[in-house]
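The structure appears below as structure tokens.
The values are calculated or read from the model by the stated rules, or taken from the named source; none is laboratory data. What you are looking at is a predicted structure, and each value in this text was computed from that prediction instead of being measured. Cβ atoms come from the backbone with ideal geometry, glycine included; neighbour counts cover every protein chain shown. Accessible surface is based on the protein model in full, side chains and every heavy atom, while ligands, DNA and RNA are left aside. Shrake-Rupley method; radii C 1.70, N 1.55, O 1.52, S 1.80 Å.
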Amino acid sequence: MSWWGRLRDRFRGVSGQTFVSFRPHLAAICKTLKIEDVLEFGPGNSTIIVLADTDAKVISIEESSEWYEKYRKRFPRDRVTVHHKQTGWDLSELDDLGGPYDLIFIDGGDRPAELHHAHRLLKPDGVVYLHDAHREGYEEGICSYPHRFFPERHSCILTLDGKVMETLKSAITCDYSCACKYCSSDERREYFARITKCPVD
Ligand SMILES: C[S@@+](CC[C@H](N)C(=O)[O-])C[C@H]1O[C@@H](n2cnc3c(N)ncnc32)[C@H](O)[C@@H]1O
């Protein structure tokens, strides 16, 4: 097993924390689809999973200079390019970095704006995976994609391609066991029921 695979497995057992809740589902996406080009907002454990479970090249965006320095050195340069962006940078700067992408993993920055911008950068059969999808203010961005799937309550898979979504739904084991306030309140349950059904405008 590769070094990235061993690192991925070391973290695999951690559960019950929303900051790692996406891990098994991201790994399943990587193993199920042909993922060659990845854009990521916020490097870290997600990068380790992509490195272990695909042969993809990753463009990763980081605003913090501390995290940028750490991850720039940590990942192999032939596979991961970490870009340091100053606060207030414009998402249109992404247009010069590469794409289109098979997978856009959103886990940092202005998520609603990134969800909208991702439409320009995604392959027709590509997938956006939004972490922290339970937060307020993301509904419009999530519903701008016709196919939506919450494998758990804190992250959401989005695509324009219905066949890709069906493939992922059969490959992914859902986990709704989390009992945090975002998952268990009546108000949040109503939100999840609405957002998974909302029509495409
Ligand atoms: C939740 S962490 C990412 C964790 C990582 N994906 C993982 O799986 O471990 C969010 C990161 O996004 C970074 N960030 C902040 N603003 C950003 C932006 N506009 N674009 C990309 N990353 C940003 C933060 O500095 C932080 O390091």
Taking the stretch 91-106 as the search range and keeping residues that are within 12 Å of the ligand (Cβ to nearest atom) and surrounded by 14 or more Cβ atoms within 10 Å (Cβ to Cβ), which one is nearest to the chain's Cα centre (by Cα)?
Phe105
For the list (1) modelled with pLDDT under 95; (2) of a type outside the set (Gly, Ala, Ser); (3) more than 12 Å from the chain's Cα centre (by Cα); (4) within 13 Å of the ligand (Cβ to nearest atom), I need the number of the one condition that Glu62 fails.
(1)
Look through the stretch 158-201, keep the residues that are exposed (fewer than 12 other Cβ atoms within 10 Å of the Cβ) and among the acidic types (Asp, Glu), and return whichever of them is modelled with the lowest pLDDT.
Asp201
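Given the structure, is Arg120 part of a helix (DSSP H, G or I), away from the ligand (no atom under 13 Å from the Cβ) and exposed (fewer than 14 other Cβ atoms within 10 Å of the Cβ)?
Working: part of a helix (DSSP H, G or I): yes; away from the ligand (no atom under 13 Å from the Cβ): yes; exposed (fewer than 14 other Cβ atoms within 10 Å of the Cβ): yes.
The answer is yes for Arg120.
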Go over the candidates Lys34, Lys70 one by one and state the one that is in a helix (DSSP H, G or I) and either more than 8 Å from the ligand (Cβ to nearest atom) or of a type in the set (D, E, K, R) (or both).
Lys70
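Residues are listed down the side, and each one gets a yes or a no for (1) within 18 Å of Cys156 (Cα to Cα); (2) in a strand (DSSP E or B):
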| site | (1), (2) |
| --- | --- |
| Ser46 | yes, no |
| Leu94 | no, no |
| Ile104 | yes, yes |
| Gly108 | yes, no |
| Tyr129 | yes, yes |
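Have a look at Gly109, Gly137 and point out the one that is small (Gly, Ala, Ser) and within 15 Å of the chain's Cα centre (by Cα).
Numbers: Gly137 fails: within 15 Å of the chain's Cα centre (by Cα).
Within the list Gly109, Gly137, the selection yields Gly109.
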Take the stretch 155-195 and flag every residue that is among the polar types (S, T, N, Q) and touching a Gly at 6+ places or on another chain (Cβ under 8 Å).
Thr159
The listed residue being near the ligand (Cβ under 10 Å from one of its atoms), farther than 18 Å from Ile48 by Cβ and at pLDDT below 95, out of Gly109, Gly88
Gly88
Among (1) closer than 15 Å to Gly108 by Cα; (2) among the small types (Gly, Ala, Ser); (3) open to solvent by less than 10 Å² (accessible area, probe 1.4 Å), which single condition is Ala56 missing?
(1)
I'd like the full set of residues that are within 16 Å of the ligand (Cβ to nearest atom) and at pLDDT below 95, limited to the stretch 123-137.
Asp132, Ala133, His134, Arg135, Gly137
Here are some conditions: (1) polar (S, T, N, Q); (2) open to solvent by 30 Å² or more (accessible area, probe 1.4 Å); (3) under 17 Å from the mean Cα position of the chain (by Cα). Ser155 meets all but one. Which one does it not meet?
(2)
